[in-house]
1. Cα to Cα, under 26 Å, and not fewer than 8 places away if on the same chain: which lysines meet these conditions relative to Lys228?
2. Describe numerically, in nm with one decimal, the distance between label points set 7 Å from Cα along Cα→Cβ at Glu146 and at Asn214.
3. I'd like to check one number: the per residue accessible area of the chain, probe 1.4 Å, reported in Å² as a whole number.
4. So what does Asp138 come to for accessible area, using a 1.4 Å probe and Å² rounded to 10?
5. Return one quarter of the surface area of the convex hull spanned by the alpha-carbon atoms of the range 73-143, equal to its mean projected area, in nm².
6. Summing -39500 (n - 2.57) over the DSSP H runs of n ≥ 4 in the chain and dividing by its residue number, what mean residue ellipticity at 222 nm do you reach, to the nearest 500 deg cm²/dmol?
7. For a test of the definition: using alpha carbon positions, the gyration tensor, and the 1.5 limit on a/c, classify the range 114-232 as rounded, prolate or oblate.
8. Given springs between every Cα pair under 10 Å in a Gaussian network model of the chain, which of Ala69, Ala211, Ala221 has the largest fluctuation?
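The values are calculated or read from the model by the stated rules, or taken from the named source; none is laboratory data. Not measured: the values here are computed from a predicted model. Counting neighbours? That spans all protein chains shown, and the Cβs are built from the backbone with ideal geometry, glycine included. The accessibility values were calculated without ligands, DNA or RNA, using every heavy atom of the protein model including side chains. Shrake-Rupley method; radii C 1.70, N 1.55, O 1.52, S 1.80 Å.
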Amino acid sequence: MIKPTPGRTPRQETSPAEQTRAALVLAALKLFGRQGFDGTSTREIAAEAKANIGSIAYHFGSKEGLRAAAADHIVETIQAIAGQAIGPASAPSTPEAARAQLVAALERMVGFIVASPEAGEIVQFVLRELSHPTAALDRIYAGVFEPTHRRLCQVWEQATGEPAESEVTKLTVFTLIGQVIYFRIGREAVLRRMGWREIGAAEAAKVVAVATNNLEAMLGARKAAARKEGKR
């Protein structure tokens with residue numbers, strides 16, 4: 001049974017100023033995700049963070065600067081999780097090891113995206129950015145989306161022999177990620193249809209089991225096709 005994967009462990013804050021800065025970032029992430037950038041005032045953010053409103057200008061220069069800091073927080077959090085789940089690009093791998101790496105990455109994604117409370121606020125923020133792109137999305141794409149997707153494509157190539165940068169491989173990896181994301185963005189529908197009160201460790205384990213079966217079926221189909229091709 002898997003356990004919800006926590007986000008990046010916050011470093012020990014060394015001063016009240018750093019504590020205030022961190023609180024403002026988390027408050028902005030939460031409120032921008034729920035209400036949108038234009039629908040959230042700096043006064044609301046300061047109140048949520050239990051901070052003086054002047055601290056936003058002091059730490060970030062402006063509300064826009066705070067949005068950029070929230071985007072950077074997302075990048076740091078996801079980079080830490082992706083690094084643990086996928087490993088460095090230079091890591092040598094046999095097809096068997098690469099397949100195991102894909103399964104581990106899938107489990108890690110479910111543990112964080114589906115079961116971690118922090119992921120809800122991150123996904124809400126990112127969805128708003130995807131709907132109305134700003135410079136914050138550029139930071140998230142460059143720091144998370146592109147490198148993580150590229151690395152998963154490389155692992156897929158190691159597992160199947162299919163070129164990492166081929167159109168089919170890139171689309172395949174998007175489908176692997178997408179099936180996990182749905183359980184977060186469609187959370188309420190999933191809870192109602194499944195009759196669950198929450199998606200905790202036990203429920204996440206069931207999601208992992210099905211997602212892993214899907215992945216293994218895809219890998220099995222690729223392996224069978226390659227074997228058939230080799231006999232020609």
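1. Leaving aside lysines fewer than 8 places away in the same chain, those within reach of Lys228 are Lys170.
2. Between Glu146 and Asn214, the simple spin-label model gives 2.7 nm.
3. 55
4. Approximately 100 Å² of Asp138 is accessible to the 1.4 Å probe.
5. Across all orientations, the range 73-143 yields a mean hull projection of 5.3 nm².
6. -24000 deg cm²/dmol
7. oblate
8. Ranking Ala69, Ala211, Ala221 by mean-square fluctuation puts Ala221 first.
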